[in-house]
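> Handing you a structure now.
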Amino acid sequence: TDSYRHLVTSSPRPKQPVASRLRLTPCNSNPMKSIFTITFLFAAAISFAQTTKTGNYHTDENYKIGAKGTIRLTCSDAKVFITGSDRADVNVKIDREVEMKGFSFGSEEFTVDIDEDNGNLTIRERSSSSHVGIVGHYSERYTIKIQAPKNVSLVISGDDGDYFIDHIDGAVDADLDDADIEITACNGSDFRFRLDDGDLKMDQAKGSLE
């Protein structure tokens, strides 16, 4: 009996399972702080997108053209001044300034392709934008000034804007939408105009007029 008791008392006790101690970090219990953080990051993204590409554009260059070549101009919502003189080449000066205030997102790309082609000159605006305004202000100042030989012809295609043409003695062909066009001291004999909701003013005319 003693040996049995000794055996029993000396037997090691089975180890009890020890509960694991885990430290749990509580989640952020302030939803307003999370909303503020998201709003701040979104506003920063908006601001970055707004300032990366503004659509501003400037050029002032001279180009070759034949004595009786044709200038083909395609643009939208610009103030266009085309003046003829005794010069032999064409000067093209384009200034576009865009100002945005407030919140907007997206991007805008703007450029103008100017190509000399067998004695003629092609000026074509290319623009694309994906702006969605939320709150703010958008303004655009866009002018095109062309100094050309007086005997050149003009083929103009545009949407909105104002066009002032003076001292051009070649043919004038204008296909415009909601634009106003004023012709001054142009001694040509071939004028063609297609306007949707615009005004035409001429101080003189001869030859054919459509």
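> List the number of the failed condition for Val155; all other conditions in (1) modelled with pLDDT of 95 or more; (2) closer than 26 Å to Ala205 by Cα; (3) open to solvent by less than 30 Å² (accessible area, probe 1.4 Å); (4) in a strand (DSSP E or B) hold.
(3)
> Pick from segment 158-170 the residues that are in contact with a Cys (Cβ under 8 Å, 6 or more places away or on another chain) and buried (at least 16 other Cβ atoms within 10 Å of the Cβ): which of them is modelled with the lowest pLDDT?
Gly158
> Still on this structure: Of the residues in segment 101-138, how many are open to solvent by 40 Å² or more (accessible area, probe 1.4 Å) and modelled with pLDDT under 85?
Total meeting the criteria: 18.
> Now, a different point. Identify, by number, the condition in (1) under 24 Å from Arg96 (Cβ atoms); (2) part of a loop (DSSP other than H, G, I, E, B); (3) open to solvent by 40 Å² or more (accessible area, probe 1.4 Å) that Lys206 doesn't meet.
(1)
> Does any residue of segment 182-191 turn out to be touching a residue at least 60 places away in the same chain (Cβ under 8 Å) and touching a Leu at 6+ places or on another chain (Cβ under 8 Å)?
no
> Then there is this: I'm told Ile181 meets every condition in (1) within 21 Å of Ala67 (Cα to Cα); (2) not in a loop (DSSP other than H, G, I, E, B) except one. Can you identify the failing condition by its number?
(1)
> So which residues in segment 69-104 are among the hydrophobic types (A, V, I, L, M, F, W, C) and more than 20 Å from Asp115 (Cα to Cα), if there are any at all? Walk me through it before giving the result.
Step one: list which residues in segment 69-104 are among the hydrophobic types (A, V, I, L, M, F, W, C), which gives 71, 73, 75, 78, 80-82, 88, 90, 92, 94, 98, 100, 103.
Passing the criteria: Val98, Met100, Phe103.
> Next question, about the same structure. Taking the condition of being open to solvent by 10 Å² or more (accessible area, probe 1.4 Å) and among the small types (Gly, Ala, Ser), how many residues in segment 171-189 meet it? I'd like the intermediate steps shown before the answer.
Initial filter on segment 171-189 (open to solvent by 10 Å² or more (accessible area, probe 1.4 Å)): 171, 173, 175, 177-178, 180, 182, 184-185, 187, 189.
Checking the rest, the ones that are also among the small types (Gly, Ala, Ser) come to 171, 185, 189.
Number of matching residues: 3.
The values are calculated or read from the model by the stated rules, or taken from the named source; none is laboratory data. Just so it is clear, the model here is predicted, and its values are computed rather than measured. Cβ sites come from the backbone with ideal geometry, for glycine too, and all protein chains shown count toward neighbours. Just the protein is used for accessible areas: all its heavy atoms, side chains included, with ligands, DNA and RNA removed. Shrake-Rupley method; radii C 1.70, N 1.55, O 1.52, S 1.80 Å.
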